[in-house]
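The structure appears below as structure tokens.
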């Protein structure tokens, strides 16, 4: 017989939530006190000593472990976490994850996730409307921007060359029956490596990704794109996919979508926009009115946006939007049954994905949208842009700081610090940056990044994203901290 | 200047958590009361009327919306949710998601996620040891079983044919320089469609997936596998990947890993085991001692397990384990730099994934392991197996119920109900199953699934997974409910 021991999950959960609430609220409070470090950094060896990572045969307590996890993790609520393109989340973000956890839903078929299915359909439609894609737009949520970009690439290939789904990829001239030559993908030199990863996963080979040169502020050069498209065609290849980036990873540049779309149309290519970083700036009324970043967005075939970056929705929350019948496009292109056989429930979102089971990540951006409104989310973007502008001015006012781009294209402020002690001497600025970067982060007061770019020395890349960042308390202090750290370096002992 | 409005996220979170706690604890309590429905089912039209899915310009309240989300969603805590291979989670599951939400971490590089990185390394190593893969084993977490299977397939291709990464997939005889012919993938007729999806994503084409016949209880026939491997080689193709399934989706069969591994070795193929469903049964000491399901698991090159199914860890939590240096295998195979250039930080887990940013899902199984111990998690498996056995006996005792397999290979009990009213008449049993299934689910008292299998009429597939399921209260009642529902059908009006 089966054991029928009563398990009172509800009371156990109640007790545990009470314990957790105190811990996590305190953690968030500490994160927002600038006097606290962003992280108490431990290298793996130290961390193995500080915490117990062994996995027991019999159950042991977990609350001490949760306390240590909080203690030794990076506190991304701290406004001085400026290392990555995401920042901490916010209360509605935490609440929506708690809701997902309690429901433990799976958004592959409607009947097990009715509410989350409709939330996903409606929130992707609403984003499609912000992108001017109209009433037939919509899309799907994917586990991250790279996954969205991969799904875009697979969908494009399956729509343009449907026989590859069953027959496999065997191009002309090797396979005279194929309607395509070697497939080539076009993307800018500054685009994210997920495009390369997707192409290698799909068996195109990274050699068949054409990297288009960028202009002085990091935007794809459209005349170069056309020259390279023609070159590829001349070689007997079949260009089929152009990726434009809306907010590049290092500089934050926006490729000119409208101009690129004209070439996509002319050469029968799918136009994808990787807006993993900058795409959600479309929530700002001010951005849509004053900037040309989204000019032509309605002409994209697919568009990736990550609410988990700029909008503070918890990781992961990435959307792939299309004007071509929303999520049905993906179902038709990617279902293993042929188009003419596709009669599934149009509310079963799993048909369009590469996977099967899937978390209802759409609910997180849906709830954030309800809570803040589109304008509230847009205000977060505006606030970040204002902080970035003000910070740029601060950097310019200081001797020894040199901006990489002035003005910065978006929210990353990139600069070098040139130590006054080294004036008149020969030195490698990349080494200087990395040395200062290491020392600044080591204190735990800030967590910032440094970045490389072909043809330039490594520089500091500061991402102004958290809505709690304060110009004087945090941003001015960062410049002071770099100066203070520099003052402690005996550069004659550093090989640079 | 930047607005420096103080945002007190900590107090806001405190207030919201207090509100949420009451709601979610009540929800869990209701879910475990068998008198409550699993779901109050609404079709999309009804649900659009019952809830407000519009997305506002200005922020509005969200708590009413959260209440409605709970009200109209499937309550997977209810032991009568037997529709899918997953069930509700448990308190430590909810707590670990809350922890992830508050930390909002990203496990791509060590320095932003030190604790979660070590948890992932240790928990995948520990699972590798359970699979007898030894001290050099370990792996990565992926966003679902399909994603793990895809990563396994990409890794196999990149290890066996490294030039495809850069040059693309151009096989012999079309490309005489290639070291490979058309690549073929072998998997059983009963394996999960994610293998097909992965192969089509990668451009192999679903026609190049060889489906190996199964024996009477759904296991891959090893002699057929060898015959088909030889046939493929004869045609000039290159078999390179064999997928064995540990727990098939419909029947729950385990392919014989040891025998398959001998063929994999003989024909230079990568051996992958898709244990998305049954893989975590390895946590049970009893299973490892008494069943042959994991015999030869140490010989697999990669092995997928989903703690989010059988172990009750929240969706999603899927692991890909390998004996070949753990996560470093994936980093070496999938990094865009060549092997000889790979000098990255071995603790930066992102290098081995297809994506970039990633949720620290490993923490959820790590915390569950600490809380319950390996034996506690194993006990959950044992309890489910005991329930399934007992349920099988109940089904056999009743007239009109016919088991599809006796005994069932695993935790899915598959059966037909043959209405006594139809005795001596001609009818389509698939239609009967679907009609009864629809009516049983409509009441909301249960949520169960029906399944098709080539050559058989559709049947009920009951998944016994929740640890709270009670033999008499839930399982016996289900059989009663099917009989009661059948008594209400006038079969002469149903076209069957």
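No lab work stands behind these numbers, since they all come straight from the coordinates. Because the structure is a prediction, the values reported are computed rather than measured. Every residue, glycine among them, receives a Cβ derived from its backbone with ideal geometry; neighbour counts consider all protein chains shown.
Counting each pair of different Cα atoms once, what's the Kirkwood radius of region A:122-244 in Å, rounded to one decimal?
Across region A:122-244, the inverse of the average 1/r is 15.9 Å.
What is the distance, in nm, between label points placed 7 Å from the Cα along the Cα-to-Cβ direction at residue A:175 and at residue B:135?
That separation, rounded to one decimal, is 4.8 nm.
Given region A:345-410, what whole percent of its Cα pairs are spread farther than 19 Å?
Looking at region A:345-410, the distances longer than 19 Å represent 61 percent of pairs.
Over all pairs of distinct alpha carbons, what does the Kirkwood formula give as the hydrodynamic radius of region B:100-372, in Å?
Kirkwood hydrodynamic radius for region B:100-372: 18.8 Å.
Please report the antiparallel percentage of DSSP beta bridges with both residues in region B:100-372, rounded to the nearest 5.
Looking only at bridges with both residues in region B:100-372, the antiparallel portion is about 35 percent.
Just to confirm the numbers: residue A:52, label point 7 angstrom along the Cα-Cβ line, distances to the other copies in nm, shortest first?
Copy-to-copy label distances at residue A:52, shortest first: 5.0 nm.
Please state, as a whole number in µm²/s, the translational diffusion coefficient that the Stokes-Einstein equation yields for the protein assembly as shown at 20 °C and 1.002 mPa s, with Rh defined as the Kirkwood radius across alpha carbon pairs.
The estimated diffusion coefficient comes to 73 µm²/s.
Taking a label point 7 Å out from Cα toward Cβ, give me the nm distances from residue B:336 to the same spot in the other copies, shortest first, one decimal.
Here residue B:336 shows inter-copy label distances of 3.1 nm.
Could you give the length gained on full extension between residue B:398 and residue B:295, defined as 0.36 nm per residue of separation minus the Cα-Cα distance, in nm?
Gain on extension, residue B:398 to residue B:295, equals 33.5 nm.
Would you mind telling me the antiparallel percentage of the DSSP bridges in the protein assembly as shown, rounded to 5?
Within the protein assembly as shown, antiparallel bridges account for around 50 percent of the total.
I need the calculated FRET efficiency for the pair residue B:67 and residue B:11, taking r as the beta carbon distance and R₀ as 30 Å, to the nearest 0.05.
Given R0 = 30 Å and the Cβ-Cβ separation, E is 0.85.
Take the Cα radius of gyration of region B:375-488 and divide it by 2.2 N^0.38 Å, with N its residue count; two decimals is plenty.
1.07
Need one number: nm distance between label points at residue A:491 and residue A:26, each 7 Å from Cα along Cα→Cβ, rounded to one decimal.
If labels sit at residue A:491 and residue A:26, their model points lie 4.5 nm apart.
Would you list A:110, A:48 from fewest to most Cβ contacts within 10 Å?
A:48, A:110
Rounded to the nearest 0.05, what FRET efficiency do residue A:336 and residue A:35 give with R0 = 60 Å and r taken as the Cβ-Cβ distance? Could you check?
The value I calculate is 0.60.
With the radius of gyration and the Kirkwood radius both derived from the Cα set of chain A, what is their ratio Rg to Rh?
1.00
If I model a spin label as a point 7 Å beyond the Cα along the Cα-Cβ vector, how far apart are those points for residue A:58 and residue B:266 in nm?
Using points 7 Å along Cα→Cβ, the separation is 4.8 nm.
Between copies, how far does the label point of residue B:484 sit from its twins, in nm, shortest first, when each point is 7 Å from Cα along Cα→Cβ?
Going from nearest to farthest copy, the values are 7.2 nm.
Calculate, for residue A:423 and residue A:258, the FRET efficiency according to 1/(1 + (r/R0)^6) with r their C-beta to C-beta distance and R0 41 Å; round to the nearest 0.05.
After rounding to 0.05, the efficiency reads 0.35.
First check a/c for region B:425-496, with a ≥ b ≥ c the square roots of the eigenvalues of its C-alpha gyration tensor; if it is under 1.5, answer rounded, and if not, answer prolate when a/b is larger than b/c or oblate otherwise.
It comes out oblate by the Cα gyration axes.
Mind pulling the per residue volume of the convex hull built on the Cα atoms of region B:144-207? Å³ is fine.
Convex hull volume per residue, Cα atoms: 85 Å³.
Going by how many other Cβ atoms sit within 10 Å of their own, how do B:302, B:60, A:249, A:18 line up, fewest first?
A:18, B:60, A:249, B:302
What order do you get for B:305, A:394 when you list them from fewest to most C-beta neighbours inside 10 Å?
A:394, B:305
Quote the Stokes-Einstein diffusion coefficient, in whole µm² s⁻¹, for region B:1-101, based on the Kirkwood radius over alpha carbon pairs, a temperature of 10 °C and a viscosity of 1.306 mPa s.
Calculated translational D: 97 µm²/s.
Rounded to the nearest 5, what is the percent of antiparallel bridges among the DSSP beta bridges in chain B?
That works out to approximately 50 percent antiparallel.
Based on alpha-carbon centroids, what's the gap between region A:458-479 and region B:34-70 in Å, whole number please?
If we compute the Cα centre of each part, the gap is 40 Å.
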